[in-house]
Amino acid sequence: MRARVPLVISILLAGLASVAAQVETAWTWAGLEILGNHHVARSEIEKLIPIPIGEAYHRGNAPFWSEGCARVLRQFDFASVDCGDRPLRVYDGHKAYLIVDIVERGREDLLKLRKPPSGSVPFGSGRMLELNAELETRTTKAAMAGHGYSESGDRGYLSYSDPNGVNEDLSPLVEELARLVPQYRENLLEILRREKSADRRREAAILLNWAGGDLEELLRRTIPLLDDPDDGVRNNLSRFMIQFVGQVNSGRLRRRLIDVFIDEIGRPSHGDRNKGLYNLLFIAKAWPVERVQMRRRGGEAIRYLAENSILFNVQGPAQELLALIEGKRQGFFGDPPVPQPQGGHPLSKTILQRPSGSHENGASGPSKNPLQPAATATLPRRSGCSRRGWS
């Protein structure tokens with residue numbers, strides 16, 4: 001079994017509304033994350049978006065950058081420019097970053113997702129929703145206090161450990177979920193395919209962490225759902241997969257996953273880039289034989305993010321992955337001792353909550369090592385906001 005090494009995937013936090021209200025404070029504008037501009041210099045785009053670096057941002061501030069982003073779209077004739085109506089917020093240092101997602105003409109396929117479902121599929125059990133909500137509350141509380149839990153998929157489902165020895169024991173909640181959720185696996189997959197409510201699809205995606213059964217078959221059935229039109233759903237699905245992709249023994253399935261995640265990192269969405277990179281990194285660390293395919297299939301996209309992102313939870317994993325696939329050095333985790341690992345990397349977690357319409361987040365970081373725990377915050381669990389707030 002592989003060594004359990006904590007990982008801080010600084011997955012952005014859009015915290016529970018009730019908790020977020022308790023930590024309202026000023027954030028400091030720290031920069032612009034501009035990606036997708038392959039043929040226009042970053043400096044030309046920065047001129048048109050008036051972000052007051054070093055000044056304060058408060059939740060609720062009007063998106064004064066909207067007109068600047070519209071000018072970028074018009075002046076450079078991009079297919080799409082999306083800045084959202086809230087910045088990404090990094091908890092360590094209370095920094096705010098505006099994410100500018102650009103799609104150039106000729107790359108419109110990056111915007112294509114499946115049509116929103118129109119059905120109504122009820123959850124088969126109200127109890128699993130209650131358990132999930134309670135787990136969300138406790139992990140969020142711990143993360144907000146600066147001593148979040150670590151995550152692991154070693155048991156075939158998501159479990160939590162308390163490296164600080166100060167948090168509540170989550171084992172009773174987790175074990176009940178692990179017993180209860182498998183009998184509703186088909187129900188969860190049906191919700192993800194057909195339910196019109198994005199909120200319900202997001203919750204179904206989270207609950208897959210305890211769906212159990214044949215893990216590889218579950219991943220196969222989840223892959224087609226990664227083109228959900230809601231970034232919160234995509235975020236939660238790929239967040240779920242991070243715990244388990246290193247355990248996949250089927251070479252064919254691993255290569256299929258690699259192709260999917262390489263497509264994901266090209267999408268104009270922070271959540272897609274962030275989760276896709278970490279999934280690829282976990283596969284590359286667990287299965288060095290797959291690094292050749294990653295280099296051939298996605299080397300250019302990975303290099304682009306490594307060289308152009310300014311965010312530690314995109315730039316960090318991209319640089320780490322690039323070094324691995326080019327054979328330059330070992331990564332932060334070191335290579336696993338055996339070629340066929342059993343078990344998953346524990347994750348320190350990120351706080352997540354309901355998306356509000358854009359980059360409403362709170363992530364911990366950055367630290368010198370973007371994959372190591374930041375000074376005061378770990379990331380409590382999955383859910384989170386990407387483009388429109390989920391990460």
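The values are calculated or read from the model by the stated rules, or taken from the named source; none is laboratory data. This one's a predicted model, so the numbers in the text were calculated from it and none came from an experiment. No Cβ is skipped: glycine too gets one built from the backbone with ideal geometry, and neighbour counts run over all protein chains shown. Only protein heavy atoms, including side chains, enter the accessible area calculation; ligands, DNA and RNA are left aside. Shrake-Rupley method; radii C 1.70, N 1.55, O 1.52, S 1.80 Å.
For the reader, a short list of remarks on this structure follows.
- For segment 54-70, the candidate set comprises residues that are open to solvent by less than 40 Å² (accessible area, probe 1.4 Å) and of a type outside the set (A, V, I, L, M); within that set, the residue that is nearest to Leu110 (Cα to Cα) is Cys69.
- Answer from Leu73, Leu48 - the residue that is under 17 Å from Glu108 (Cα atoms) and aliphatic (A, V, I, L, M): Leu73
- Selection of first residues in segment 168-179 that are surrounded by 14 or more Cβ atoms within 10 Å (Cβ to Cβ) and of second residues that are part of a helix (DSSP H, G or I) and among the charged types (D, E, K, R), restricted to Cβ pairs under 7 Å at least 6 apart or on distinct chains, gives the following pairs, ordered by first then second residue: Glu168/Arg138; Leu170/Arg138; Leu173/Glu134.
- Scope segment 76-120; condition in contact with a helix residue (DSSP H, G or I) (Cβ under 9 Å, 6 or more places away or on another chain), of a type in the set (Ser, Thr, Tyr) and buried (at least 17 other Cβ atoms within 10 Å of the Cβ); matching residues: Tyr91
- Of the residues in segment 203-210, not one is farther than 25 Å from Glu175 by Cα, hydrophobic (A, V, I, L, M, F, W, C) and under 15 Å from the mean Cα position of the chain (by Cα).
- Among residues of segment 27-53 that are over 23 Å from Ala79 (Cβ atoms) and open to solvent by less than 50 Å² (accessible area, probe 1.4 Å), those with a Cβ under 9 angstrom from a residue that is among the acidic types (Asp, Glu) and assigned to a loop (DSSP other than H, G, I, E, B), sequence gap 6+ or separate chain, pair up as Trp29/Glu55.
- Looking across segment 212-255, the residues that are touching a Cys at 6+ places or on another chain (Cβ under 8 Å) and open to solvent by less than 10 Å² (accessible area, probe 1.4 Å) come down to Gly232, Asn235.
- Which numbered condition His270 fails, given (1) surrounded by 24 or more Cβ atoms within 10 Å (Cβ to Cβ); (2) in contact with a Pro (Cβ under 6 Å, 6 or more places away or on another chain): (2)
- Identification of strands (runs of 3 or more DSSP E) wholly contained in segment 1-99 with 3 or more residues that are at pLDDT 95 or above and more than 20 Å from Gly316 (Cα to Cα) yields 80-82.
- Single unsatisfied condition, Tyr157 versus (1) open to solvent by less than 10 Å² (accessible area, probe 1.4 Å); (2) of a type outside the set (Asp, Glu); (3) under 20 Å from the mean Cα position of the chain (by Cα): (1)
- Candidates Lys141, Lys196 - the one that is under 20 Å from Leu237 (Cβ atoms), open to solvent by 20 Å² or more (accessible area, probe 1.4 Å), touching a residue at least 12 places away in the same chain (Cβ under 8 Å) and charged (D, E, K, R): Lys196
- Meets criteria (within 30 Å of His94 (Cβ to Cβ) and either surrounded by fewer than 14 Cβ atoms within 10 Å (Cβ to Cβ) or not charged (D, E, K, R) (or both)) for Gly126: no
For every residue, the table says whether it meets (1) open to solvent by less than 10 Å² (accessible area, probe 1.4 Å); (2) assigned to a loop (DSSP other than H, G, I, E, B); (3) at pLDDT below 95.
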position: Ile283; (1), (2), (3): yes, no, no
position: Val289; (1), (2), (3): no, no, no
position: Gly316; (1), (2), (3): yes, no, no
position: Pro337; (1), (2), (3): no, yes, yes
position: Arg354; (1), (2), (3): no, yes, yes
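- Residue match in segment 133-142 (condition: small (Gly, Ala, Ser), more than 19 Å from Phe240 (Cβ to Cβ) and in a helix (DSSP H, G or I)): yes
- Selected residue (criterion: farthest from the chain's Cα centre (by Cα)) from residues of segment 100-123 that are of a type outside the set (A, V, I, L, M) and outside any loop (DSSP other than H, G, I, E, B): Gly119
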